[in-house]
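Okay, so here's the structure we're looking at.
The values are calculated or read from the model by the stated rules, or taken from the named source; none is laboratory data. Since we're looking at a predicted model, the values are computed, not measured. Note that we place each Cβ from the backbone using ideal geometry, even for glycine, and neighbour counts take in every protein chain shown.
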Amino acid sequence: MSTPSRMQSFTVKIKSWWKRNVAYNNGWRLFRAYIYLVLAALAAFAGYFGWGYFGEDSAGWFGRSGAITALTASMAEALLAAFGVGNLFQGIAEVGTTKFIAKYKKPIGLGQYLGAFLIAMGTLIWAYGDLFYHATN
């Protein structure tokens, strides 16, 4: 039996490092996307209930919270777009990424739908938040 050369040993180490690193980056990307989605929803609730606004125009602050909601949900969508959109996957991906997508298809899809919903709601709040606030309070 021959012993592996230094180059073969180095190649095995690089491959194992690459697999761990790709899985870590994909998991971290999915985690950050969900953090952004929670922050987007929290911004809308905080704006509506008046958490931390200054002055007397709480309806105006609710409208401004829509911009923060839409922006934060867009950041989550940008992170989730790296996994493909729906059933479309465009571009070249590492082997670890395609395995990650197959393993976590439901959380990725749920995050994409939730992100699209929060972007739409944030845009509506941004445009008509003051009217909605005055109609409900």
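Any idea which residue in region 117-137 is farthest from ALA41 (Cα to Cα), counting only those that are part of a helix (DSSP H, G or I) and polar (S, T, N, Q)? Quick ask: steps written out before the conclusion?
Step one: filter region 117-137 for residues part of a helix (DSSP H, G or I), giving 117-136.
Right, trim to polar (S, T, N, Q) and you get 123, 136.
Working: THR123: 13, THR136: 19 Å.
Ranking the candidates gives THR136 first.
Report, by residue number, each residue of region 109-120 that is within 8 Å of ALA70 (Cβ to Cβ) and touching a residue at least 60 places away in the same chain (Cβ under 8 Å).
Passing the criteria: only LEU118.
For LYS106, are the conditions met, namely being basic (Lys, Arg), in a helix (DSSP H, G or I) and modelled with pLDDT of 90 or more?
So LYS106 passes the test.
Conditions tested, residue by residue: (1) on the phi < 0 side of the Ramachandran plot; (2) among the aliphatic types (A, V, I, L, M); (3) modelled with pLDDT under 80.
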| site | (1), (2), (3) |
| --- | --- |
| ILE35 | yes, yes, no |
| ALA44 | yes, yes, no |
| GLY63 | yes, no, no |
| LEU79 | yes, yes, no |
| ALA93 | yes, yes, yes |
